Amino acid sequence: MRSRARDSILPVTVVVLAIIALWYVFTVILNTPWQQSVYARADQVDVPVSQFLADVFAQQRPVLPAPHQVAVEFWNSVVNADPGTPRSLLFHAWITLSATGLGFIFGTLLGIGLAVLIVHNRAMDRSLMPWIIASQTIPILAIAPMVVVVLASIGLTGLVPKALISTYLSFFPVVVGMVKGFRSPEAIHLDLMRTYNASGAQVFWKLRWPAAIPFLFTSMKVGVAASLVGAIVGELPTGAAGGLGSRLLAGSYYGQTTQIWAALLMAAALSAALIFAIGGLQKITQKAMGAAA
Amino acid sequence: QDMYPLTFQLKWVNQGQFAGYLVAQDLGYYEEAGLDVTINPGGPDIAPEQVIAGGGADVITTWMAAALAARERGVPLVNIAQPFATTALEMVCSEESGVETTADFPGKTLGVWFFGNEYPFYAWMAQLGLSTDGGDDGVEVLRQAFSADPLLQNQADCISVMRYNEYKQVLDAGIPEDSLTLFNFADEGVGMLEDGLYVMEDRLEDPEFVDAMARFVAASMEGWAYAEANPEEAAEIVLANDMSGALTLESQVYQVNEAAALVGDSPALDVEAYEQTVATLLSAVSPDNPAITAEPEGAYTTVVTDAIE
Amino acid sequence: MNGWILTAVLVWLGAWGINEFLVRVRTRDRGAAMAINLLVPVLFGVTLLFIWEALVRGFSVPGVLLPPPSVIWARLVASIPNPIWADFQQTFLKSVLVGYAIGCGSAFIVAVAIDRSPFLKCGLLPVGNFVSALPLVGIAPIMVMWFGFDWQSKAAVVVVMTFFPMLVNTVAGLNATGAIEKDLMRTYAASYWQTLAKLRLPMAWPFIFNALKINSTLALIGAIVAEFFGTPVVGMGFRISAAIGRLQVDMVWAEIAVAALAGSLFYGVIALIERAITFWHPSVRGERGR
Amino acid sequence: MINERRRAKGCKRLTTGTKVVEAKGLGLTFETADGPVHALSDVDLSISKGEFVSFIGPSGCGKTTFLRVIADLEQPTSGTITVNGHSPEHARRDRAYGYVFQAAALYPWRTIERNVGLPLEIMGYSKAQQTERIARTLEMVNLSGFEKKYPWQLSGGMQQRASIARALAFDADLLLMDEPFGALDEIVRDHLNEQLLDLWAKTEKTICFVTHSIPEAVYLSTKIVVMSPRPGRVTDVIESTLPRERPLDIRETPEFLAIAARVREGLRAGHSYEE
Amino acid sequence: MINERRRAKGCKRLTTGTKVVEAKGLGLTFETADGPVHALSDVDLSISKGEFVSFIGPSGCGKTTFLRVIADLEQPTSGTITVNGHSPEHARRDRAYGYVFQAAALYPWRTIERNVGLPLEIMGYSKAQQTERIARTLEMVNLSGFEKKYPWQLSGGMQQRASIARALAFDADLLLMDEPFGALDEIVRDHLNEQLLDLWAKTEKTICFVTHSIPEAVYLSTKIVVMSPRPGRVTDVIESTLPRERPLDIRETPEFLAIAARVREGLRAGHSYEE
Ligand SMILES: Nc1ncnc2c1ncn2[C@@H]1O[C@H](COP(=O)(O)OP(=O)(O)OP(=O)(O)O)[C@@H](O)[C@H]1O
Ligand SMILES: Nc1ncnc2c1ncn2[C@@H]1O[C@H](COP(=O)(O)OP(=O)(O)OP(=O)(O)O)[C@@H](O)[C@H]1O
Ligand SMILES: Cc1ncc(C[n+]2csc(CCO)c2C)c(N)n1
Ligand SMILES: [Mg+2]
Ligand SMILES: [Mg+2]
């Protein structure tokens, strides 16, 4: 496994470099109009290309900041800022991560619980599923402020409202995946259980659950990404309480594009780390379950 | 002795716009007045009127048009004080747009803030007799998001700005002031009162509450006075209350200065300005702009400001 | 007040009982079976709405916080011609459908490309995960910056949102093929594309449909939320946000109801296609599985 | 606890001669997209306690389907069937039988020993009993040494033997075995045949056994049921006249050969192609 | 097009006597979590064009593994093997063989006819040819009338026959068959044995055939390879002295019985339990 990790260093590097190169190209393309209007206002003509590039890569409010601008901002707000203060991205990442983690755990448990109900109870299957689906079509950002307001009026503020929104977004992929997973055992494997007159719980723990494990991990990967989105969405309406969401909001409110991108980078890094962690868990579990090497 | 607990809901995130309150809190003016105040920042999607209706706040700050609209929708808000005496809402048009006067508006794209902030704009368009459905004779309306970007990127011809915030962003971006055309809503005759203090009507029957409010307003005005005198320090206090870490001192000093300039000598509501706001709103009733349809009754009171004297 | 709440509880218990009875009815008549399959969720939903109505009235919740369904219904009916229909066209027919098609389509192609080349698999999958982990709320303002205020920027947000679930599921699905089935293709010296079309894709369908279903709701949320970051003055997200600001909460819920209905139908259509294509999968064929 | 209950039942032995399986006018039709398939039609059969019944017949004649009906895995569409005097469902709930499927149906995430231990876990045997029974039955099918392997690491025949071990690990009075020895060579087959006869003699189990081998059917059974397809029905029921004690070389006796000839005859009649 | 190319190759027939399979010191060890499993060890074997070779041996002795090595589905860990004078991979790419797996491995989303048509589609046969070949081979395995059924609607034996049909549908010169007739009764088996001999005689195919039935092995083969397990190796190679023409009643001749006895002897020697 370790050697496989090493094998992927080269490809990842190549792809990342390709993306960065492309990014620079787009930086030039997207920021040129503004740069030209600046030159026009200053009556500058025939600016040498080197000067032009230097200016394009050093704009205050670029449409697309150059990678190195984002990197500098990222570095400044991660390494050079005191992690105890709102100037530090780590501070915000931690706030968001705690809401994400809480929401993800709730969401996964809720999702599995609902899937169990749906698989074991016909009435639940028929009546619950359509409404679970409908619930997901409710635009969360629309009700997020109301959720925040309502919860605040009963005294719940801070982590809980965000975690709830995060739960709301993450339980769905888990329900869908786990219903499929719990129903994935072959008929003959279920028949075997029938011949033992195994109880519902026994069929569940000894057959449905292990058979659903591959589905669980795939769903959890999607679910954790959704959780993070939920936590960030939950931070938007109360834009002042900290977290990556409020950072994104403030960045766009005060026109600090580079700051938005740094926060985005942090959010993506968080998400990737969470997904990676789940992937690791998946490898370990599947190995313990005798998957072919 | 017992402190009177108060929850105060802002309309927007902590920034220089609310410097007076933040200063009063930070320097202990509220505490001295026997108040235990919690200031809840707002955000782009928090409607303070909804928060107070749900019992999440005792007093809120919001624009008068939004408050009157809420009152008509069954949230009995009452204005108890009006710290901001003048209007800071403006519309700014870029040089490229070619807009010099309101006569140039037809066929242009204008950025507007919604979420209860759109009433002045629709009143203005009604007054100018311009349709807001696009086309050559009307204007195209964009729901403008948080920043001044649509103007900088030429996505809109004109955008809404607050004098104390987005306008400075436009200038900071390097656009020379003389290339811009600025419309002040008050000058156009559609000015409406901005940040005022509102409470639920039934609470005013409680004399203790009225007394607490009087102390709250007085302490807040003290805060504003301090902020006006010490903008640097007030900006520092604002920054200390900013949980996003995105504000800069420079922008907040500017904002405190501009906001403090809006604060009148007395917190008492200027009834004439109130009546003008109502009249403007009523003159522009349309399906797009259903702020209020009838003259409001009892939408303001002077008991609190009277008690301060 | 207590009257409403008591009624709510009674109605709930009653409906539950009826549903438990209905799902146990065994009938050979296809029409009756279909009627039951439809009746059960409808009954459940109607009960839910009734409980909502009763609780709102029972506890006299202010209308600006949560209006009762009856008020929402009245608002919905009155507003369908204007503005709901226009909003629906803008958000669903343009942003959602276009974004969904491009997002799922491109993720599928990338998944196959990744699968094709071990180098890309090592390189693109982690980076792809990373890129698509960018949160929607951060992307939306940027997309508005790049693609303008109209539906194109919303579609772009939907593309980014739907990409990741589709990628992960397609890759997982393409790897789900059993050893013997693959060996069989090897013995035919089948080309990569033949194996893909005739073996690995059919095996991957259940996974792919998983993503298509999740994405159908995700796309709708994405498009609506993206409208919070700048739009022309039409669209479901615009209407919702503007209406909250004006405290027209009944309008908010009328739009949400339309969104929920459209989303559920969208999901339902995909689920039907899934049943038709993966009829052989134990989870579809295994009615015996309980 | 469950275990205790089950074994208590087991002790209340039915006296020999009691009907274990009794089918009357049994029919089963599968509805498929292109019309009904008559898997079983008008099957009358009764099996007494302690019998060893072989089912033989061309592929697709309904042998598996019949076993599945007994096991309450398939619902007949006409006729009646009782198992131990009650409905098949009752028997299943009593854990009255062990079933060896035609395919091995091992759980891929369990090692061989844990696959064999599965019914024991479910029926609540103690850890010590589980260990002892797993070892004993794996020994019986000659798989000792493969306890820790996963199914995909075994050959086809080994998987089949593991599934036999799984059905023998707990004490069911009725064994339903669907071609258990199909993938095994003659030597192992002989060995397992003897083991099975041994077990049967010792425990008075009733065994329903599907096979394709005429000698195997004749060697093992007290009764041979010959079936024919489309629709699946019973064409002949042959009561064996061989003694219960059966050394391997009984297979060369004339009596044995006579029964085998009769079975072959019945089988041939059921086939659509005679040369 | 592919089809044309393939058949052009097919025409360039190797002369009889050419080595089709040639293994020298072949070994294959599986590394498992609890130690290596020696599935094949030091196997020397050569199979000439047109031979019919049966593999027989206790379960787990490496028969399947050996077939998989020939088919380039498993890589040997020692020794060398050539197929048609080249590497197994070369032969696989040439579509030089048809393989019948021990499990049916039908695709559940295809009907029986489309399962049988699968290799034809892949190898680019025309629609008309496909229809004709599907009908012919399904007829051969006696599955006519089940064209439109899905695999899970067939009995175990029918599934196995469908998988045989699938391997016979295209013209490979080498057939690798892993217990193809395991789940079939004697009558069908006899029928298919004859069909297979017929096909073999007509087409000069080379056939490698795994079976557990000694009579079947002797009846069909020109060469019988007896294997024994742990480690899997070849213990005996018996060249059949029977004529190529083989009526069914050849099975009663003394010559036949002598060969069968020798095979049984070899088989018994490889088993760990003799009674
Ligand atoms: N689930 C099903 N749906 C439709 N038809 C089925 C199903 N299961 C079995 N059949 C049909 O029922 C008939 C009897 O099948 P069954 O499996 O009982 O045969 P069998 O005697 O066990 O054959 P074999 O010896 O080949 O295993 C066959 O024609 C088969 O096609
Ligand atoms: N993938 C694998 N990993 C580990 N061990 C394996 C694997 N495949 C087969 N083996 C082992 O290799 C040996 C030979 O297996 P093989 O399948 O070739 O036997 P076989 O002769 O075909 O037996 P049968 O007649 O039972 O099918 C067995 O001991 C088996 O456990
Ligand atoms: C979504 C959105 N709505 C309103 C404003 C403008 N704004 C800034 S502060 C404030 C409250 C009045 O004091 C208002 C309306 C914005 N920038 N973004
Ligand atoms: Mg069968
Ligand atoms: Mg094998």
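Can you give the net charge of the other residues whose Cβ lies under 14 Å from the Cβ of E:GLU147, counting K and R as +1 and D and E as -1? Within the 14 Å Cβ shell, the charges total +4.
So which residues of the range A:246-260 lose at least 50 Å² of accessible area, probe 1.4 Å, when you go from the chain by itself to every protein chain present? Residues passing the criterion (a loss of at least 50 Å², heavy atoms only) are A:LEU249, A:SER252, A:TYR253, A:TYR254. Projecting label points 7 angstrom from Cα along Cα→Cβ for D:ALA135 and B:ALA229 puts them 9.3 nm apart.
Measuring nothing but protein heavy atoms, the accessible surface of the range C:3-61 at 1.4 Å probe radius is 75 percent carbon and sulfur.
Looking only at the range B:261-282, which residues have a backbone nitrogen under 19 Å from a spot 7 Å from the Cα of B:GLU295 in the C-beta direction? Counting only backbone N, you get B:270-282. Average accessible surface for the range A:134-293: 27 Å² per residue, computed with a 1.4 Å probe over protein heavy atoms with every protein chain in place. If you take all other residues with their beta carbon under 12 Å from the beta carbon of E:ASP178, and give Lys and Arg +1 and Asp and Glu -1, the sum is 0. A simple charge model with +1 on the Cβ of Lys and Arg, -1 on the Cβ of Asp and Glu and nothing else charged puts the dipole of chain B at about 540 debye relative to its Cα centre. The distance linking the range A:239-293 with the range C:78-144 is 18 Å (Cα centroid to Cα centroid, whole angstrom). Within the listed set D:LYS202, D:LYS63, D:LYS49, the Gaussian network model of chain D (springs between alpha-carbon atoms below 10 Å) gives the highest mean-square fluctuation for D:LYS202. Here is the P(r) of the range D:107-171: all C-alpha pair distances, binned every 5 Å from 0, give 4, 22, 35, 25, 12, 3, 0 in whole percents. Burial annotation for the range D:41-79: residues with an accessible-area loss of at least 50 Å² between the isolated chain and the complete set of protein chains, computed on heavy atoms with a 1.4 Å probe, are D:SER59, D:LEU73.
Modelled label positions at B:ASP206 and C:ILE18, each set 7 Å beyond Cα in the direction of Cβ, lie 4.5 nm from each other.
What residues from the range C:36-60 fall in the zone where the backbone N is under 20 Å from a label point 7 Å along the Cα-to-C-beta line of C:ASN2? Only C:54-60 pass the distance filter.
Rolling a 1.4 Å probe across all protein chains gives A:VAL16 an accessible area of roughly 60 Å². Separation of the range A:82-152 from the range E:162-233 is 60 Å, based on Cα centroids.
Couplings for the range E:164-172, taken from phi via the Karplus curve 6.51 cos²θ - 1.76 cosθ + 1.60 with θ = phi - 60°, read 5, 4, 4, 6, 8, 5, 10, 9, 9 Hz in order; Gly and Pro are left as x. For the set C:ILE208, A:ILE143, A:ILE188, solvent exposure ranked by accessible area (probe 1.4 Å, protein chains only) runs largest to smallest as A:ILE188, A:ILE143, C:ILE208. Across identical copies of the chain, D:ALA269 has label-point separations of 4.6 nm, listed in ascending order, with the point defined 7 angstrom from Cα along Cα→Cβ. Sorted from longest to shortest, the spans of the Cα atoms of chain A along the three principal axes equal 87, 54, 35 Å. Between the range E:237-254 and the range C:1-48, the alpha-carbon centres lie 73 Å apart. In order along the range C:37-46, the phi-based Karplus estimate (6.51 cos²θ - 1.76 cosθ + 1.60, θ = phi - 60°) of 3J(HN,Hα) comes to 4, 7, 5, 4, x, 5, 4, 4, x, 4 Hz; Gly and Pro are listed as x.
How many square angstrom of accessible surface are buried between B and C, both sides summed, with a 1.4 Å probe and rounding to 100? Chains B and C together bury approximately 2100 Å². Using +1 at the Cβ of each Lys and Arg and -1 at the Cβ of each Asp and Glu in the protein assembly as shown, identify which of A:LEU207, A:THR32, C:ALA156 lies farthest towards the dipole's positive end. The one lying farthest along the dipole's positive direction is A:LEU207. Simple point charges give the picture: +1 on the Cβ of Lys and Arg, -1 on the Cβ of Asp and Glu, and for the range A:2-64 a dipole about the Cα centre of about 480 debye. Charged neighbours of A:GLY177, selected by a Cβ distance under 15 Å, balance to +4 (K, R count +1; D, E count -1).
Between the residues C:ALA54, C:GLN89, C:PHE207, the greatest Cα displacement towards the positive end of the dipole of chain C, with unit charges on the Cβ of Lys, Arg, Asp and Glu, is found for C:PHE207. Full extension of the chain segment joining C:VAL269 with C:ALA176 gains 31.0 nm, where the gain is 0.36 nm per residue of separation less the Cα-Cα distance. Between A:PHE52 and A:TYR39, residue separation times 0.36 nm minus the direct Cα-Cα distance comes to 3.7 nm. For the range B:71-102, applying the loop criterion from DSSP together with a ceiling of 10 other beta carbons within 10 Å to the GluC sites (Glu not before Pro) yields B:GLU100.
Counting only Cα atoms, the size of the range E:178-275 along its three principal axes is 39, 28, 26 Å, in decreasing order. Loop-resident GluC sites (Glu not before Pro) (DSSP state other than H, G, I, E or B) in the range B:18-56 with no more than 10 further Cβ atoms inside 10 Å of their Cβ are absent.
Could you work out what % of the accessible surface of the range E:107-171 is carbon and sulfur, using a 1.4 angstrom probe and leaving DNA, RNA and ligands out of the count? C and S fraction of accessible area: 53 percent.
Of all the options B:LEU110, B:LEU128, B:LEU35, the one that moves most in a Gaussian network model of chain B with Cα springs shorter than 10 angstrom is B:LEU128. Projecting the Cα positions of B:ALA173, C:ASN169, C:LEU265 onto the charge dipole of the protein assembly as shown (unit charges on Cβ atoms of Lys, Arg, Asp and Glu, taken about the Cα centre) puts C:ASN169 furthest along the positive direction. The mean number of Cβ atoms from other chains found within 10 Å of a Cβ in peptide D:166-176 is 1, as a whole number. Accessible surface buried at the B:A interface totals approximately 2700 Å², computed with a 1.4 Å probe on protein heavy atoms. Among complete DSSP H helices in chain A, those whose alpha-carbon atoms stretch at least 20 Å along the helix's long axis and whose mean Kyte-Doolittle hydropathy reaches 1.6 are A:89-120. Distance distribution P(r), the range B:95-232, all Cα-Cα pairs, bin width 10 angstrom from 0: 10, 32, 27, 17, 12, 2 percent. For the range C:271-278, the Karplus equation 6.51 cos²θ - 1.76 cosθ + 1.60, evaluated at θ = phi - 60°, returns couplings of 5, 5, 4, 4, 4, 5, 7, 9 Hz by residue, with Gly and Pro reported as x.
Near E:VAL43, the amide H atoms lying under 5 Å from its own belong to E:GLY25, E:LEU26, E:GLY27; only residues 5 or more places off or on other chains count, and H is placed 1.01 Å from N.
The apolar share of the surface of the range C:77-286, taken as the fraction of accessible area on carbon and sulfur atoms (1.4 Å probe, ligands and nucleic acids excluded), comes to 73 percent.
Rolling a 1.4 Å probe across the protein heavy atoms gives the range D:194-275 an accessible surface of 45 Å² per residue. Apply 1/(1 + (r/R0)^6) to the Cβ-Cβ distance of E:PHE30 and A:VAL160, taking R0 = 60 Å, and write down the FRET efficiency to the nearest 0.05. In this case the efficiency is close to 0.65. By the rule of a C-alpha distance below 13 Å, with chain neighbours fewer than 8 residues away ignored, the aspartates and glutamates paired with E:LYS205 are E:GLU51, E:ASP171, E:ASP173. Structure note, pairs B:LYS11/B:LYS168; C:LYS121/C:LYS213; C:LYS198/E:LYS127; A:LYS287/E:LYS149; A:LYS221/E:LYS149: Cα-Cα distances above 27 angstrom occur for A:LYS287/E:LYS149; A:LYS221/E:LYS149. Proximity of backbone amide H atoms, modeled 1.01 Å from N, is registered between B:ALA291 and B:SER286 at under 5 Å, excluding neighbours fewer than 5 places apart on the same chain. Note on B:THR38 and B:GLU100: with the Förster distance fixed at 56 Å, the Cβ-Cβ geometry gives a FRET efficiency of about 0.70. Convex hull volume per residue, computed on the Cα atoms of the protein assembly as shown, equals 212 Å³. Per-residue ellipticity at 222 nm computed for chain E from its helices equals -12000 deg cm²/dmol, with DSSP H segments shorter than 4 residues left out and the rest contributing -39,500 (n - 2.57). When chains C and A come together, the accessible area they lose, probed at 1.4 Å and totalled over both chains, is close to 5900 Å². Placing R0 at 51 angstrom, the Cβ-Cβ distance between C:PHE50 and B:ASP270 gives a FRET efficiency of 0.55 after rounding to 0.05. For the residues C:VAL42, D:VAL218, a 1.4 Å probe over the protein chains yields an accessible-area ranking, largest first, of C:VAL42, D:VAL218. The dipole here belongs to chain C: it is taken about the Cα centre, uses +1 on the Cβ of Lys and Arg and -1 on the Cβ of Asp and Glu, and is about 760 debye. Shielding of peptide C:141-148 by partners, expressed as the average count of other chain Cβ atoms within 10 Å per residue Cβ, is 6. The candidates A:PHE52, D:PHE181, arranged from most to least accessible area with a 1.4 Å probe in the full protein assembly, appear as A:PHE52, D:PHE181.
The values are calculated or read from the model by the stated rules, or taken from the named source; none is laboratory data. Nothing here was measured: the structure is a model prediction, and the numbers come from that model. Backbone-built Cβ (ideal geometry, glycine too); neighbour counts: all protein chains shown. Each accessible area value is taken on the protein alone, full model and side chains, heavy atoms only, with ligands, DNA and RNA left out. Shrake-Rupley method; radii C 1.70, N 1.55, O 1.52, S 1.80 Å.
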